[in-house]
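Heads up, the thing below is written out as structure tokens.
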């Protein structure tokens, strides 16, 4: 969460010289990433005025002619707001001043001169909506500029507070840390009323849970027809807090200023005393009008009848502050952060209070805050306090061993012991000889390493010198990165590598089916892509589609990554390498401009597989519904399915709106990497080449025959290459192979070759 | 006799003028003038009938003719060979026309960045470790000192699997947990890989790539961590950097820091780092008296974007061919 506060407010507690940018830098350097942001610009010419007289406009019933004293002079202002007759102190934008959207000029309204404007808060930009001019109820100095009156800064600090620093979620908290890091004086907490004189009652509440660390309650009677002062309203606005009930506004203001969340109950709706306990069978309605069924670990503030608040998180609707409330019971409490966090994870309700409670509110703060809010309520709501009750669970402050050598060793620094002690003292630690006592607000400090960070932070991270690392030399084994070579091979073949999201749609899952059950996300980023891909084609073809839609009509893409599925409840992550070739294989002068075909994909796959040392694969008919049934094949290595190649089925192409496209996928995990054999010496004797042709039925697979030849143990056969497939008629094809024979020991005689050829013929004629 | 010499020469010249002079035609001529049935050979046959005197004179004259014919024919062959070469040389190409172009593909910029970063770290003696993308809560959070229910967990916008306690890892620190639990220190490892966060805008991608480095060894310290992270970034970006380290917060490190560098005209956040929290080491049964650890993490995507001057993260995952072919 980012805290948005004005520098002036911060400086009320820690007087630090410097520009707002310098303040931001100080804060950033001590661990609070801070940006300077523009807030409302209020023209200094806008001033507080006193309405001296109001008269009717002779020409217009709805207009009034007012004389307004703005200190230096008295202006005549024509005002259309009917409440101006009761107005005393108002905001005046004289001629020449600027308000959002306009510069004021002298005008005549129905013949009467008007030298400015009496403003509503909306016209100044302080609220979103307002009805009529603003009546200032506070004490004012006539002629004072509004900027001064509000103590307004047009640039404010946006401070990012990390989750460990719950103690800094307030102006005071930030000031406290800043005073420590900059060695400046910190002002004390704002003063409060003397609560002790009101203490004595036990009628307000009763604590029945160990997770309540402190609980103070104060009853009051208030004048409900009041409003928060304008500076308070402005600071709440800057912090991004809405304005609602005057009591709620004051409590929010105190939370923002010193960090203590508080709650106000309409006391007349309560059946006292309240009981603080864990869990309840009774459901109740929260302030956001949602029905809440408490879990057994939830901390609840109940009255004698029903739960009235989910402690530290949100109050109940029934006992909330209302316009008619005139008796209230204030709550200022400290709850166990872990317990609040547990409830929050389960109920998913977020509030400014719960945000602070789960990060830890200092156990010594609640009474101070209550007394301070009483001062404000007294001042701005004319509050009268009737009774006060306080509960505190005794808690030991934690102690941590302190050793300056440990800290220096950890940091690689040489900070003096005395300097470290001073830093920790400034941060509120009670530094003893060999230990420190942690102040109550530092929930995040519990171990020696936490002290290391505090010292490093205050010393300045940038004041710790760089220290080169050293180490023994460890020779790295030479390892062939087959995947790297394979990718380079695809690149040489014209393929561009794509990196796609792993998220896919239901349609894509159905289009490219894969083994195992798909894995769905409970919170997908886009509703139409709720699944993890089960096959790389699902994401790669999306990239193909993306490019084709952008008038790129021929291209080659590949992707390497994981596919995900569940098999028998077990999650499987499989590494795949996939490729797609869309449209023509090559274009341009001297290319034949033909579309990609099955053999392009097959040769790509075989070439890529050789990167893993695989020289031979068995190709089998494949029945993948996404592929052309007669132009697709499964690739087997030692009876293991290592990949699939083929042309996409016309209906797949139609579904994706793509032209002719061939695809390949290799299952990397299934590939057995071949280690390189010892090198063989080339033969010194001549080789002999012979062609062999066989006529077969057209459904006989050439690959099967070639495999048979390879396995037939034909003597001196060195290589086999398919040369030609000639379709003689509808049912018959001639297949021609070129065979090469060679011996490593002698020149082969015709007789030996004839014998070998006879064996080859016999093998093919089966 | 001069007549046959002349005729032979003429025959060769005729062939050339008709554009038919080649080795085969010269063979024919050779056979006509010097073959078994040629006049010359017939003439040799008649030598036997002559007197020794006449034989000597006639024989010498025949020999001379044979030599002359041979020379003519040899020249014919050479001429024929020359014509072949000349014919070949006459065939020219427009060497400026681009023909039969081989289109070369490209590695994805993220792969290029990944390879470069890995090679920097391998050169410094770091082992590369990898782990699963789908993880349990323990490896992603608990073992990294994110207590259950702790608000620090909300720092990560985590993708959860439907009907399961599993999640998509939000950082590659999960791999560190696997390594810490399976290997004995001292350790110097790097864990590059994909991570997932439930966030999508010009600066956030729901999937991106991280590289983390972990060192666990006796006496390693924060000053060395600063050095390592800075030197790594300088090596990758290829120049000395103006830098600053800022305190930050990560549950698994204490102290924690963030590195900013000057890039263009402003400070840019480059990576997080810190001394490994003793709680993390203890959970992996590592003696924290003997061993300290530090770790840093950088975004591969972010560094690559800086290097290539890319300002919208989304282009990396659109895979537009015209973007890809630049790399």
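The values are calculated or read from the model by the stated rules, or taken from the named source; none is laboratory data. Just so it is clear, the structure is predicted and the values come from calculations on it, not from any experiment. All Cβ positions, glycine included, derive from the backbone under ideal geometry; neighbour counts span all protein chains shown.
With the structure loaded, tell me whether residue B:11 is more than 14 Å from every other protein chain (Cβ to nearest Cβ), in contact with a helix residue (DSSP H, G or I) (Cβ under 7 Å, 6 or more places away or on another chain), surrounded by 10 or more Cβ atoms within 10 Å (Cβ to Cβ) and more than 30 Å from residue B:321 (Cα to Cα) or whether it fails that test. Yes: the conditions hold for residue B:11.
Here residue B:182 clears all of (1) away from chain A (no Cβ under 13 Å); (2) under 26 Å from residue B:306 (Cα atoms); (3) surrounded by fewer than 22 Cβ atoms within 10 Å (Cβ to Cβ) except the condition numbered (2).
Every residue, every condition in (1) within 18 Å of residue A:137 (Cα to Cα); (2) at pLDDT 95 or above; (3) surrounded by fewer than 19 Cβ atoms within 10 Å (Cβ to Cβ), yes or no:
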| site | (1), (2), (3) |
| --- | --- |
| A:82 | yes, no, yes |
| A:86 | yes, no, yes |
| A:90 | yes, yes, no |
| A:104 | no, no, no |
| A:111 | no, no, yes |
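Here is a yes/no grid of residues against (1) touching a helix residue (DSSP H, G or I) at 6+ places or on another chain (Cβ under 8 Å); (2) under 30 Å from residue A:357 (Cβ atoms); (3) within 9 Å of chain B (Cβ to nearest Cβ); (4) modelled with pLDDT of 95 or more:
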position: A:454; (1), (2), (3), (4): yes, yes, yes, yes
position: A:465; (1), (2), (3), (4): yes, no, yes, yes
position: A:490; (1), (2), (3), (4): yes, no, yes, yes
position: A:512; (1), (2), (3), (4): yes, no, no, yes
position: A:525; (1), (2), (3), (4): no, no, yes, no
position: A:530; (1), (2), (3), (4): yes, no, yes, yes
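In this structure, residue B:133 does not satisfy being at pLDDT 95 or above and more than 13 Å from every other protein chain (Cβ to nearest Cβ).
Of the helices (runs of 4 or more DSSP H) lying entirely inside segment A:323-407, those containing at least 2 residues that are within 14 Å of chain B (Cβ to nearest Cβ) and within 19 Å of residue A:441 (Cβ to Cβ) span A:337-347, A:352-359. Among the numbered conditions (1) assigned to a strand (DSSP E or B); (2) out of contact with any helix residue (DSSP H, G or I) (no Cβ under 7 Å at 6 or more places or on another chain), the only one that residue A:159 does not meet is (2). Of the residues making up segment B:268-303, those that are facing chain A (nearest Cβ under 9 Å) and under 38 Å from the mean Cα position of the chain (by Cα) number 3.
Within the bounds of segment A:10-20, is there any residue that is at positive phi and not in a helix (DSSP H, G or I)?
yes
Regarding residue A:461, is this residue surrounded by 13 or more Cβ atoms within 10 Å (Cβ to Cβ) and under 21 Å from residue B:276 (Cβ atoms)?
Details: surrounded by 13 or more Cβ atoms within 10 Å (Cβ to Cβ): yes; under 21 Å from residue B:276 (Cβ atoms): yes.
Criteria met by residue A:461.
For segment B:314-327, taking the residues that are in contact with a helix residue (DSSP H, G or I) (Cβ under 6 Å, 6 or more places away or on another chain) and part of a loop (DSSP other than H, G, I, E, B), the one that is surrounded by the most Cβ atoms within 10 Å (Cβ to Cβ) is identified as B:319.
Only a single item in (1) touching a residue at least 40 places away in the same chain (Cβ under 8 Å); (2) more than 60 Å from the chain's Cα centre (by Cα); (3) surrounded by 13 or more Cβ atoms within 10 Å (Cβ to Cβ); (4) part of a strand (DSSP E or B) is not met by residue A:691, and it is number (3). Give the residue, chosen from B:174, B:170, B:154, B:111, that is without any contact (Cβ under 8 Å) to a residue 60 or more places away in the chain, in a helix (DSSP H, G or I) and within 30 Å of residue B:323 (Cα to Cα). The conditions single out B:111.
Looking at A:264, A:315, can you tell me which residue is crowded, with 18+ Cβ neighbours inside 10 Å and without any contact (Cβ under 8 Å) to a residue 60 or more places away in the chain?
The unique qualifying residue is A:315.
Matching residues to (1) surrounded by 12 or more Cβ atoms within 10 Å (Cβ to Cβ); (2) over 30 Å from residue A:481 (Cα atoms):
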residue	(1), (2)
B:68	yes, yes
B:71	no, yes
B:83	yes, yes
B:92	no, yes
B:98	no, yes
B:107	yes, no
B:122	yes, no
B:125	yes, no
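Just so you know, in segment B:220-264 the residues that are out of contact with any helix residue (DSSP H, G or I) (no Cβ under 7 Å at 6 or more places or on another chain), at the interface with another protein chain (Cβ under 8 Å from one of its Cβ atoms) and touching a residue at least 60 places away in the same chain (Cβ under 8 Å) include one that is nearest to residue B:125 (Cα to Cα), and it is B:228. Of all residues in segment A:478-515, those satisfying the criterion of being surrounded by 17 or more Cβ atoms within 10 Å (Cβ to Cβ), in contact (Cβ under 8 Å) with a residue 40 or more places away in the chain and assigned to a loop (DSSP other than H, G, I, E, B) are A:493, A:494, A:495, A:498, A:499, A:500, A:502, A:512, A:514. Across segment B:130-141, a minimum of one residue is classified as surrounded by fewer than 21 Cβ atoms within 10 Å (Cβ to Cβ), in contact (Cβ under 8 Å) with a residue 60 or more places away in the chain and closer than 16 Å to residue B:252 by Cβ. With respect to the conditions (1) without any contact (Cβ under 8 Å) to a residue 60 or more places away in the chain; (2) in a loop (DSSP other than H, G, I, E, B); (3) at the interface with another protein chain (Cβ under 7 Å from one of its Cβ atoms); (4) closer than 19 Å to residue A:563 by Cβ, residue A:469 falls short on a single one, namely (4). As for segment A:248-255, it holds at least one residue that is over 25 Å from residue A:135 (Cα atoms) and crowded, with 20+ Cβ neighbours inside 10 Å.
When A:520, A:544 are checked against the criterion of being in contact with a strand residue (DSSP E or B) (Cβ under 7 Å, 6 or more places away or on another chain), surrounded by 24 or more Cβ atoms within 10 Å (Cβ to Cβ) and within 10 Å of another protein chain (Cβ to nearest Cβ), a single residue qualifies: A:544.
Filter segment A:403-438 down to the residues that are in contact (Cβ under 8 Å) with a residue 40 or more places away in the chain and crowded, with 17+ Cβ neighbours inside 10 Å and list them by number.
Scanning segment A:403-438 gives A:407, A:410, A:411, A:412, A:413, A:415, A:423, A:426, A:427, A:428, A:438.
The lone criterion from (1) more than 8 Å from chain A (Cβ to nearest Cβ); (2) surrounded by fewer than 21 Cβ atoms within 10 Å (Cβ to Cβ); (3) touching a residue at least 24 places away in the same chain (Cβ under 8 Å); (4) within 25 Å of residue A:457 (Cβ to Cβ) left unmet by residue B:216 is number (2). Kindly establish whether residue B:210 is within 17 Å of residue B:252 (Cβ to Cβ) and more than 8 Å from chain A (Cβ to nearest Cβ). In short, yes. For residue B:126, are the conditions met, namely being within 11 Å of chain A (Cβ to nearest Cβ), within 30 Å of the chain's Cα centre (by Cα) and in contact (Cβ under 8 Å) with a residue 60 or more places away in the chain? The answer is yes for residue B:126.
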